[in-house]
Amino acid sequence: MERILKQTQSDSVRVFVVWEPMLPTDWYRPTRPTLKRVSDKRAVQFWDKSHLIAAELKQQLQKFHGSHPRCCDDGGHLWDMAAIYLPGVKWGEAAPAFDDGPVYRIAPDVDRQFSNFAR
């Protein structure tokens with residue numbers, strides 16, 4: 001994400017990074033070195049210990065897509081996923097213009113989507 005954000009000059013882009021406890025080593029909120037992985041000023045990072053954001057996103061994807069998300073479900077929780085919303089869309093009013101994952105695998109797709117929507 002950091003590389004993609006560096007290539008995207010638009011000030012209208014906002015990124016929300018949600019960290020969740022998914023792995024056995026994820027007992028605590030992310031440390032400063034972890035948070036520095038996405039240091040762009042347009043990114044806001046959250047620690048979601050209870051998976052609340054992922055649960056809400058999963059519900060919205062089911063509502064708008066009519067099915068479970070295509071990827072990124074582990075133990076009933078969404079994780080390692082990117083969702084891109086068009087400018088002006090309010091949370092819960094429309095499906096993302098793009099959603100897929102895991103992030104490391106779909107980074108080129110995210111970059112293309114940013115090119116279409118944000119640059």
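Just a few scattered comments:
- Verdict on Tyr104 being closer than 20 Å to Glu2 by Cα and loosely packed, with under 12 Cβ neighbours inside 10 Å: yes
- Meets criteria (loosely packed, with under 11 Cβ neighbours inside 10 Å and either touching a residue at least 24 places away in the same chain (Cβ under 8 Å) or small (Gly, Ala, Ser) (or both)) for Gly66: yes
- Filter result for Pro24 (of a type outside the set (A, V, I, L, M) and either farther than 23 Å from Ser115 by Cα or touching a Pro at 6+ places or on another chain (Cβ under 7 Å) (or both)): yes
- All of Gly88, Gly101 fail the test of being among the small types (Gly, Ala, Ser) and free of Cβ contacts under 8 Å to residues at least 24 places away in the same chain, apart from Gly88.
- Flag if Ala107 is in contact with a helix residue (DSSP H, G or I) (Cβ under 8 Å, 6 or more places away or on another chain) and part of a helix (DSSP H, G or I): yes
- Helices (runs of 4 or more DSSP H) wholly inside region 1-88 containing at least 1 residues that are under 22 Å from Ala107 (Cβ atoms), of a type outside the set (D, E, K, R) and modelled with pLDDT of 90 or more: 32-35, 52-65
- Number of positions in region 27-51 that are surrounded by fewer than 11 Cβ atoms within 10 Å (Cβ to Cβ) and either among the hydrophobic types (A, V, I, L, M, F, W, C) or in contact with a Pro (Cβ under 6 Å, 6 or more places away or on another chain) (or both): 1
- Sub-7 Å Cβ pairs linking a first residue in region 34-51 that is free of Cβ contacts under 8 Å to residues at least 24 places away in the same chain to a second residue that is of a type outside the set (A, V, I, L, M, F, W, C), at least 6 apart or interchain, are Leu35/Gln45, ordered by first then second residue.
- Candidates in region 4-15 are the residues that are loosely packed, with under 14 Cβ neighbours inside 10 Å and without any contact (Cβ under 8 Å) to a residue 60 or more places away in the chain; of these, the one that is farthest from Asp73 (Cα to Cα) is Asp11.
The values are calculated or read from the model by the stated rules, or taken from the named source; none is laboratory data. All figures in this text were calculated on a predicted structure; none of them were measured in a lab. Please note: Cβ atoms are built from the backbone with ideal geometry, for glycine as well, and neighbour counts cover all protein chains shown.
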